[in-house]
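Have a look at the structure below before the remarks.
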Amino acid sequence: MTIPIDLRNHLDRLKLQGPSRTVVAIAGAPASGKTTLARELAESIPNTAFLSMDGYHLDNPLLQEKNLLDKKGSPETFDLDGFSALIARLKEPRDIYCPIFDRQTERTINSAHLISKTIDMVIVEGNYLLLNEPSWVDLRDHWDYSVFLEVDIEIIKQRLLERWLSFGYSRDEALKKAVMNDLPNAQRILENRLNADLVLTSQR
């Protein structure tokens, strides 16, 4: 994904305003390209870290207990309280250890990612960072700047199929995972989102 020059320039200016750490939200539906954009921004802007909310997926046994395993990836299957607490700490000038999500094992690995106290900008990516629903809406108070990736639902469907096929699922299995869970989540995000400081639209 090509980083829009206006976005890059704006984030550079935000960093100069200091003195506290700048926290930027990159939000969008599944397969909208938000992870790619967030990683590229973090890699291209000096002294900037990447953080994904995926580290706060509830573990599969817990989801089974809650009868939510088939809804994994929906807002109800994340530890929102834990994620919110981490986001609130990002402004503190200290080392912060964060969990990551391993897609190969479908497990969360605790304290696997360090955001050093020397970092002065964090790019946070996640589906629900701008979700206008109870409790999730409170996240907006932590963003110094927010970006939403707006992608047509048919493009999202095709990208999701390609994603699940790449993980070894058959076409029928991939289609089922997309239609039964991912696409309803995408629709929920598109229909219930807060205004972002910047909206980026993809046509392909």
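Of the two radii for the chain, the radius of gyration is 0.95 times the Kirkwood radius, both from the alpha carbons; that is the Rg over Rh value.
Shown for Phe101, Phe83: other C-beta atoms within 10 Å of each C-beta, ranked fewest to most, produce the order Phe101, Phe83. Where does the chain land at 222 nm, in deg cm²/dmol rounded to the nearest 500, when only DSSP H runs of n ≥ 4 count, each adding -39500 (n - 2.57), divided by all residues? About -10000 deg cm²/dmol. In this structure, the amide hydrogen of Arg193, modeled 1.01 Å from its nitrogen in the peptide plane, lies closer than 5 angstrom to those of Asn132, counting only residues at least 5 positions away or on a different chain. Of Glu125, Glu133, the sequence from fewest to most neighbouring Cβ atoms within 10 angstrom is Glu133, Glu125. Annotation: the residues Tyr56, Tyr97, Tyr169, sorted from fewest to most other C-beta atoms within 10 Å of their own C-beta, follow the order Tyr97, Tyr169, Tyr56. The phi-based Karplus calculation (6.51 cos²θ - 1.76 cosθ + 1.60; θ = phi - 60°) puts the 3J(HN,Hα) values of the range 29-45 at 5, x, 6, 7, x, 5, 5, 4, 4, 4, 5, 5, 5, 4, 6, 8, 9 Hz, whole numbers, x for Gly and Pro.
Residues whose amide H lies under 5 Å from that of Thr22, counting only those 5 or more places away or on a different chain, are Met121, Val122; hydrogens are built 1.01 Å from N in the peptide plane.
None of the figures in this text is laboratory data; all of them are computed from the coordinates on show. In this text, all values refer to a predicted model and were calculated from it rather than measured experimentally. So basically every Cβ, Gly included, is an ideal-geometry build from the backbone, and we count neighbours across all protein chains shown.
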